[in-house]
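Reading through the structure tokens given below for one structure.
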Amino acid sequence: MTPDDATLSLVAAAPVDELDVEMLGRLAELVNAADPVPDGLVDRIGMALTIEALHAELAELRLVGEPALAVRADETSIEAGTITFTTDVLTVMISVHHENDRVRIDGWAAPAGELAVELHQTGSVTTTHSDSDGRFAFVEIGRGPARLVLRRPEEPSMPVVTPQIEL
């Protein structure tokens with residue numbers, strides 16, 4: 001037996017009561033048990049949505065190495081010591097040094113100049129500034145997915161954002 005349109009409109013017009021709240025709570029528990037939100041997904045979505053409403057200059061990753069050197073046969077990931085990102089307005093090279101469970105990142109931006117440099121990781125943002133030669137560093141950084149956001153003081157609303165990499 002299916003409800004008719006009149007019955008559905010009465011149900012839809014009724015205010016939400018305690019039984020509705022309880023049923024929605026149970027439904028949420030079932031959905032979370034069957035298909036939980038992956039760790040860090042909300043943070044990654046937030047980051048994607050806040051990249052200055054697409055006013056950012058997105059940096060392109062320059063692959064140094066070959067996919068044949070991938071760690072797993074089903075992926076094209078490689079562990080690189082040096083990574084270069086390029087845009088029309090800025091080139092950024094970073095050198096990643098693994099120190100046990102921590103990472104040190106040394107970076108250089110060209111053309112040289114002072115930049116605000118942000119390292120975005122799940123749930124945190126670490127900030128530093130480059131010197132007048134474009135050099136910057138992050139020390140004692142945890143491993144995991146990360147991306148850089150670089151801003152020139154004269155144009156802070158036009159950041160350069162790198163693709164996400166795994167540290």
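Each residue of the stretch 131-146 is assigned a 3J(HN,Hα), and the resulting list reads 7, 5, 8, x, 8, 8, 8, 10, 10, 6, 9, x, 6, x, x, 7 Hz, derived from the Karplus form 6.51 cos²θ - 1.76 cosθ + 1.60 (θ = phi - 60°), x at Gly and Pro. Remark: the ALA137-ASP20 segment gains 36.8 nm on full extension, using 0.36 nm per residue and subtracting the alpha carbon distance. In plain terms, the chain from HIS98 to SER157 could stretch by 18.0 nm, reckoned as 0.36 nm per residue minus the Cα-Cα distance.
The numbers here are math on the coordinates, done by the rules we state, and not lab data. None of the values given here were measured: they were computed from a predicted structure.
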